[in-house]
Amino acid sequence: MSDPSPATGGESPSSRRGPLRTGVVREVLDEALARRAKSTGADVLDVLDTGGGSGNFAVPVASLGHRVTVVDPSPDALFALERRAAEAGVADRVRGVQGDINGLFDVVGRGAFDAVLCHGVLEYVEDPADGLRKAVEALRPGGALSLLTAGVGGAVLARALAGRFVEARQALTGPDGRWGPGDPVPRRFTAEQLTSLAGDAGLAVASVHGVRVFADLVPGGLVDTEPGALEALLKLEAEAAVLPAFQAVATQLHVLAEKRG
């Protein structure tokens with residue numbers, strides 16, 4: 001691995017671009033957790049991250065002082081989670097459990113959490129509606145659910161810009177938003193599909209955001225070397241995230257909702 005460029009203040013390009021992938025979601029999630037803490041009067045919340053992998057969201061949430069349970073089917077991811085939590089000094093607030101959304105209540109309790117993160121899960125389960133219902137069952141009444149999935153529009157745009165017009169049309173018109181048999185993502189969603197699923201699962205949708213509207217289309221070299229480019233792009237992403245026109249072409253879609261009753 002090459003040494004970090006001095007121009008980035010010792011940070012690698014990939015670490016500098018991290019906020020482009022997660023910044024919008026983290027900001028929305030942090031605000032939701034703060035509201036939940038205020039409404040319950042609890043300084044420490046119980047948070048479930050299903051499919052949480054190596055802790056990209058779990059560790060920052062634990063750094064806010066909350067208890068986080070990560071359920072993931074990969075032993076390697078859970079090992080990386082343990083190491084990451086230790087490095088961040090939050091190992092006592094992060095618990096990793098091997099499992100998945102289908103067998104969620106074999107490893108955690110129903111109605112045991114103030115917030116549930118369901119990120120990158122519904123794309124891969126056989127029945128997204130059932131998977132989401134299980135995530136909702138894990139919530140306490142009034143608890144927050146953070147739902148992040150791959151978006152159809154982003155895939156269509158990416159394939160078209162790459163000159164893969166047949167694949168772009170397949171993603172646009174196919175029932176699962178896939179561009180062909182070689183597509184590694186089994187299913188993609190529109191914002192309308194996600195909000196409909198959320199409503200059917202007993203959730204009240206609070207907000208919808210587009211994630212990585214521009215980030216995946218902008219050349220990495222420009223962001224890494226042009227002074228002020230990263231900060232300007234972050235602001236652009238944040239402002240575009242709330243606009244339906246740009247949500248329609250985002251790489252990912254984020255829905256924040258609350259459990260009714």
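The values are calculated or read from the model by the stated rules, or taken from the named source; none is laboratory data. Just so it is clear, the model here is predicted, and its values are computed rather than measured. Backbone-built Cβ (ideal geometry, glycine too); neighbour counts: all protein chains shown. Each accessible area value is taken on the protein alone, full model and side chains, heavy atoms only, with ligands, DNA and RNA left out. Shrake-Rupley method; radii C 1.70, N 1.55, O 1.52, S 1.80 Å.
If the requirement is being part of a helix (DSSP H, G or I), under 30 Å from G228 (Cβ atoms) and open to solvent by 10 Å² or more (accessible area, probe 1.4 Å), which of these qualifies: D76, D30? After ruling out the rest, the residue left standing is D30. Among the residues making up segment 110-127, a single one is over 26 Å from E31 (Cβ atoms) and open to solvent by less than 50 Å² (accessible area, probe 1.4 Å): V125. Hey, any hits in segment 146-162 for a residue that's in contact with an Asp or Glu (Cβ under 6 Å, 6 or more places away or on another chain), within 19 Å of C118 (Cα to Cα) and in contact (Cβ under 8 Å) with a residue 40 or more places away in the chain? Yes, segment 146-162 contains a residue that is in contact with an Asp or Glu (Cβ under 6 Å, 6 or more places away or on another chain), within 19 Å of C118 (Cα to Cα) and in contact (Cβ under 8 Å) with a residue 40 or more places away in the chain. Quick one: in segment 17-53, of everything that is over 13 Å from the mean Cα position of the chain (by Cα) and polar (S, T, N, Q), which residue is farthest from D92 (Cα to Cα)? Only one residue tops the list, namely S39.
Given the structure, is L217 surrounded by 21 or more Cβ atoms within 10 Å (Cβ to Cβ) and not acidic (D, E)? So L217 fails the test. Among the residues making up segment 79-93, those that are under 24 Å from G109 (Cβ atoms) and either of a type in the set (F, W, Y) or open to solvent by 50 Å² or more (accessible area, probe 1.4 Å) (or both) are E82, A91, D92, R93.
Within segment 203-214, restricting attention to residues that are open to solvent by less than 20 Å² (accessible area, probe 1.4 Å) and farther than 17 Å from V136 by Cβ, which residue is modelled with the lowest pLDDT? This residue is V213. Of the candidates T195, T225, T173, the single residue that is open to solvent by 40 Å² or more (accessible area, probe 1.4 Å), modelled with pLDDT under 95, farther than 13 Å from G154 by Cα and of a type in the set (V, I, T) is T225.
On the stretch given as segment 176-192, residues that are open to solvent by 40 Å² or more (accessible area, probe 1.4 Å) and assigned to a loop (DSSP other than H, G, I, E, B) total 9.
A residue that is surrounded by fewer than 21 Cβ atoms within 10 Å (Cβ to Cβ), among the hydroxyl-bearing types (S, T, Y), within 20 Å of the chain's Cα centre (by Cα) and outside any loop (DSSP other than H, G, I, E, B) cannot be found anywhere in segment 148-155.
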